[in-house]
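One structure below.
The values are calculated or read from the model by the stated rules, or taken from the named source; none is laboratory data. Because the structure is predicted, anything quoted here is derived from the model rather than measured. A quick note on method: Cβ atoms are made from the backbone with ideal geometry, for glycine too, and the neighbour counts reach across all protein chains shown. The area values use the complete protein model at the heavy-atom level, side chains included, leaving out ligands, DNA and RNA. Shrake-Rupley method; radii C 1.70, N 1.55, O 1.52, S 1.80 Å.
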Amino acid sequence: MLRLNIGERHLLVTTTVLGIFHQFHELAELKRENGGIVLGQYSESRQQVLVCRASAPGPLDQAMNNSFRRNRKAAQQIVEYEFYNSSGRNTYLGEWHTHPTDRAAPSPGDLHMIRQQFASNDVRIGFLLLFVVARLELFVGLLDGGSVVSVTVSDYLDFLD
Ligand SMILES: [Zn+2]
């Protein structure tokens, strides 16, 4: 479990989710980007976010050399499936994708995407997460309407067991 503080919130990312990030980063080494959505639970009273699910890229997603565009309908089905199968506990928390680079920094397009998503989506939790997975680093951004607060984790692979 990776634990970090981001803004005023405590974030927990399970080893399973980190494993999915890492696995698809390796598969994306040949320049294609991969990604999906992240899901989990948010306790407002404890300001704690548990990221315990990450969707794998699907056949309807468009993975391109320098960007990743997920299929909206497929993602919605995953959100509904997870919600149902967790008795309403797991909810949509945000987005993740890989970069074929050593360092993880979101592109202007990535930041635009997460802002668009925040503005257009029914965000139940009041914020959205953006994970950018690179070879040596994991970028974690949190957008809650204003600016993006972020943490870059340089040793996320150490949490894989
Ligand atoms: Zn990106």
Gyration tensor over alpha-carbon atoms, segment 67-108, equivalent ellipsoid semi-axes in Å: 27, 12, 8
Considering amide H positions built from the backbone, and no H for Pro or chain starts, which residues 5 or more places from Glu137, or on another chain, come under 5 Å of its amide H? Ala104
Relative to the present Cα-Cα distance, how much length would full extension add between Ala105 and Lys73 at 0.36 nm per residue of separation? 8.8 nm
Approximate spin-label separation Arg115-Gln62, in nm, with each point projected 7 Å along Cα-to-Cβ: 2.2 nm
Amide H neighbours of Asn34 under 5 Å, at least 5 residues apart or on other chains, H built in the peptide plane: list them. Thr98
Helix-derived mean residue ellipticity, 222 nm - over the chain, DSSP H n ≥ 4, -39500 (n - 2.57), to 500: -8000 deg cm²/dmol
How much area per residue is accessible in the chain when the probe is 1.4 Å and only protein heavy atoms are counted (Å²)? 53 Å²
Give me the percent of the accessible area of the chain that comes from carbon and sulfur atoms, probe 1.4 Å, all protein chains in place. 49 percent
How much of the calculated P(r) for the chain lies past 28 Å, in percent of all Cα pairs? 12 percent
